[in-house]
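The values are calculated or read from the model by the stated rules, or taken from the named source; none is laboratory data. All figures in this text were calculated on a predicted structure; none of them were measured in a lab. Every residue, glycine as well, gets a Cβ built from its backbone with ideal geometry; the counts of neighbours run over all protein chains shown.
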Amino acid sequence: MNFLEKIVNFLRQFRKTSPSLELTVNQQVNQMMEKYSSNTKLYQIETVCREILKTEPLHANVLYLLGIIAEQNGYFNEAKQLMSKAIAIAPSVESGQKNKVDLEVAKKHQLVVGKILEISLQNDLQEELYGYSIGNPTKGELVDANNVKIWGWVLGRVSSVIAIEITDETSVHPNNLILKTVPINVPRPDIAKIFPHVLGASKTGFLTNINLLLLPIQVSLGITAVFADQSRVRLAEILLYRCPLPLPPKSQPKTKPKIAFIHIPKTAGTSLRQIVAKEYLPKECLYLYEDLLANFKKPYIFQAIKVNLSLAKILYGHFYFGIHESLEVPSVYICVLRNPIKRVISYYNHIAHNPSEVAIYKKIQGGMSLLEMLQNQVSAQTDNLMTRMLAGKMNASFKDQQILEVAIENIHKYFYFIGLTENFSDSVNVLGKKLGWKQHEIPYSNVNSNKIVQEIDSKTRSAIEEHNHLDILLYEYISNLDGGYFLNDKFEQLFE
């Protein structure tokens, strides 16, 4: 059956299941079907559908069908908008196509779905800004409630914009609850072309994600620009709705162990996550980062995680070893390590441009050097972090030699694969072949081109080595293995 025949079958289907259609609509469908032949063009069917919308503009089936046609023609943004609008009108719309309604999947499989109800933009900001835009999400869109992506750009006129604050406007907190502070550091060459005379126009983008599981069922998010002088201006408000969470069934079929990716900061974990997101469906990935982990013990958060866990194949985030015990689910672990000296330098450069880590960011802006950060133990991220994460010892002292033994024991018992950032492409290729991934172009994300520290003196190097001597031994242990990676043969049968 070719694509046109599928569309006509679709029209027959919704004609039978939509008795409320006006006679004129049925007549138009009949006319289209009578004219249908092997030489019918796709645009002719599209024309008929648009004629139907003139008499019934909110007909979900026709809107969804136009979305299918738009997708077939390569107009993916338009397809997404049409399908989202159709689903918003009638969540149970029957498509019979590959893009099955996510909300129906949620009902059957307990996937938590969010819906963008409204986006209100502020228009009178010409004095403060050259311009701004919220590119995502869009009104009417259905989103993965576990990972709502928010991105856009903003360019200050009088003062540079350094960050975006996302606040919970429904919070009882006096000044609204700040959910995230997102740095303005995403390259936007398209904006630089529009404003070539404005310094800094090339890096005006922002990108982040919000987890709706932490928020009320209906929430209003405030999007606020933060200027270098700490003044603020509201850009937009986004009204979202989270579908209520059903309880997981009492009995679950036996499934394979989850694959738990420990994302050690500044080891190319963001790039690897993008590859994982291409390989697995959204419902198959459960992302566990600080916002969720910090509220892990709250009953409704834990219940929400357990509901998503029933469908998830992948756990991914800044969690320590032992997440399988906390979630009571069998898991095998994967991670990437990085040369500890390079990782610590990268972390310092990252945090120097990241106001979301307010206290450390202010100290660096006030002149705190990398050496001073190490000497004063300002951040646990610079003290044997890789070893502590693989040992599952969050609060262990960086001088505790035993945690290296625990980490190596965990590697041989629970880890399937450990790669290296320095051999990232090779590591991804080996892992991809083992897990049956497609071949992808390797993305390099979250890379800071504006580095404060590029070279270090001998005193700083010695301090890094002292505070990360276990990480150095762990890194050398993996890098000296055949191929420069660790692969645990005892788990091979799980992925055949």
Of the residues that make up segment 420-442, is at least one of a type in the set (S, T, N, Q), modelled with pLDDT under 90 and out of contact with any strand residue (DSSP E or B) (no Cβ under 9 Å at 6 or more places or on another chain)?
yes
Residues of segment 365-391 being surrounded by 21 or more Cβ atoms within 10 Å (Cβ to Cβ) and of a type in the set (G, A, S), in sequence order, are A391
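Does A391 fit the bill of being within 28 Å of the chain's Cα centre (by Cα) and over 27 Å from N488 (Cβ atoms)? Steps first, please.
Details: within 28 Å of the chain's Cα centre (by Cα): yes; over 27 Å from N488 (Cβ atoms): no.
Criteria not met by A391.
Looking only at segment 140-159, decide whether some residue is over 30 Å from A88 (Cβ atoms), outside the structural domain of Q274 (by TED's automatic domain parsing), in contact (Cβ under 8 Å) with a residue 12 or more places away in the chain and surrounded by 18 or more Cβ atoms within 10 Å (Cβ to Cβ). It would help to see each step written out before you state the result.
Initial filter on segment 140-159 (over 30 Å from A88 (Cβ atoms)): 155-159.
With outside the structural domain of Q274 (by TED's automatic domain parsing) added as a condition, the list becomes 155-159.
Checking which are in contact (Cβ under 8 Å) with a residue 12 or more places away in the chain leaves us with 155-159.
If we keep only those that are surrounded by 18 or more Cβ atoms within 10 Å (Cβ to Cβ) as well, we get 155-156.
Among the residues of segment 140-159, at least one is over 30 Å from A88 (Cβ atoms), outside the structural domain of Q274 (by TED's automatic domain parsing), in contact (Cβ under 8 Å) with a residue 12 or more places away in the chain and surrounded by 18 or more Cβ atoms within 10 Å (Cβ to Cβ), which makes the answer yes.
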Can you spot a residue in segment 96-111 that is modelled with pLDDT of 70 or more, within 25 Å of I210 (Cα to Cα) and under 26 Å from the mean Cα position of the chain (by Cα)?
no
Given E328, E357, which one is closer than 23 Å to K413 by Cβ and of a type in the set (D, E)?
E328
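For segment 454-496, which residues satisfy the criterion of being in a loop (DSSP other than H, G, I, E, B) and more than 16 Å from R388 (Cα to Cα)?
Hits for segment 454-496 are Q454, E455, I456, D457, N480, L481, Y485, N488, E496.
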